[in-house]
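First the structure, in the form of structure tokens, and then the observations on it.
The values are calculated or read from the model by the stated rules, or taken from the named source; none is laboratory data. Please read all numbers here as calculations on a predicted model, not as lab measurements. Don't worry about glycine lacking a Cβ; one is built from the backbone with ideal geometry, like all the others, and counts go over all protein chains shown.
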Amino acid sequence: MPLHPLYGHEGLRNRLAGAIASGRLPQALLFEGPPGVGKQRLALWVAQRIVCDRSGTTAAPEGSEREAAVALAEPETRDLALETEPCGRCPACRLVLNLSHPDVHWFIPVEVTRKGSDADRQVELVAEALAVELGARREQPLYQPPSGLANHGIAAVRLLARHLYLTPALARYKVFIVGDAERLVAQQGSPEAANALLKALEEPPANTVFVLTSSRAEALLPTVVSRVVRVRLARLPDSILTEFAQRELPDMAQRAVAQSVRVAEGSIGKLLATASQAGTGTGEGAEVFLRATRGSPAARYAAALAQRPFQARGAFTDLLDALLDRLGNEARAGRETGAVVAAISRVLDARALAQGNVNPQLVTAVLGDELWSGR
């Protein structure tokens, strides 16, 4: 499934597109702002605009970083959207939208549960974890925040460095996106990962653009911040959030859209979380799972395979919590009280397992088999 469209930030998009078209785009940018306003999606938009086959582009020439920063900060007086948007149709655009372009490298915080025997093996494990995470985002572009233990470790920065000096495969430029850059591991106490990235930012190859994103720029090392041009993203207006909900969340009732937009405070990420709590996500998933457990083995295993095979914390834990809520309601209603109490016990066991290194698909499969078995 391709990425959903980029919503909002039209003025900033125009300024960025103008900088790209005129050759004044800095080689290292930091998109900062509140969580969930589209910083990483905007970074992917920039990457798409850079590699688009129908758009000639260059990065800022040496010595023009200050001029580029001023250009990005100035209000745009012309509407550049029609002439500077990526076309969205060429092979390069389609590859970016499917997270498959070989010259666009999106580094996401990951939780690596296995230990590598040496540095090379650690890099391989990070590459595997990134591939799994990107695969999940291809299937569901409206992704949730990374787990609390996910980060950018030194192995992730070494993986980035391996790609840094390679010749671009298809485009003229390579683009490196480092999402949630504040998760560069324990910067104050163990700054190795941030310092390794700093070396790349200090002397990037001429055909390379970096885009870091962060909701907590103050957590980055000052030496990293000093090497980037900072670009602030504002909260989105309610009209943009309403448009997003109507297009991307079609099952959401109109009344629920209005209520969710009010509490989202200009954040699409918060809107998605609110929608999930309102029953478009884990609540509905819990009801589907309960129905599957009372059905055929095929239905139970289909429900298990529907779970992401990684990161048991987060969305999977939320699903188990929603199951507990529904089972609790059944117990209070007096429905098969003994069986429901036993089922609650099994869900609690599964939730304890989810705090460790487990595969959610396996846990779901076992839970589905045992929930009403009486074992």
Next on the checklist: Being at pLDDT 80 or above, out of contact with any strand residue (DSSP E or B) (no Cβ under 7 Å at 6 or more places or on another chain) and farther than 29 Å from Val126 by Cβ: is that true of Pro222 here?
Outcome noted: no
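Results for (1) buried (at least 17 other Cβ atoms within 10 Å of the Cβ); (2) of a type in the set (Asp, Glu); (3) closer than 25 Å to Ser100 by Cβ, shown as yes or no for each residue.
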| residue | (1), (2), (3) |
| --- | --- |
| Lys115 | no, no, no |
| Glu124 | no, yes, yes |
| Ala131 | no, no, yes |
| His152 | yes, no, yes |
| Tyr165 | no, no, yes |
| Leu170 | no, no, yes |
| Asn195 | no, no, no |
| Leu198 | yes, no, no |
| Pro204 | yes, no, yes |
Checklist entry - Does the stretch 139-156 contain at least one residue that is part of a strand (DSSP E or B), under 28 Å from Gly36 (Cα atoms) and either touching a Cys at 6+ places or on another chain (Cβ under 9 Å) or at pLDDT 95 or above (or both)? => result no
Item to check | Total residues in the stretch 115-131, condition over 20 Å from the mean Cα position of the chain (by Cα) and free of Cβ contacts under 8 Å to residues at least 24 places away in the same chain | outcome: 6
Checklist outcome for this item: Restricted to the stretch 279-307 and to residues being at pLDDT 60 or above and assigned to a loop (DSSP other than H, G, I, E, B), the residue nearest to the chain's Cα centre (by Cα) is Gln307
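Residue-wise test of (1) among the charged types (D, E, K, R); (2) closer than 30 Å to Val112 by Cβ; (3) at pLDDT 85 or above.
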| site | (1), (2), (3) |
| --- | --- |
| Pro309 | no, yes, no |
| Asp318 | yes, yes, no |
| Ala331 | no, no, no |
| Gly334 | no, no, no |
| Ala342 | no, no, yes |
| Gly356 | no, yes, no |
| Trp372 | no, no, no |
Checklist entry - Is it fair to say Glu32 is at pLDDT below 95 and not assigned by TED's automatic domain parsing to the domain that holds Gly266? => result no
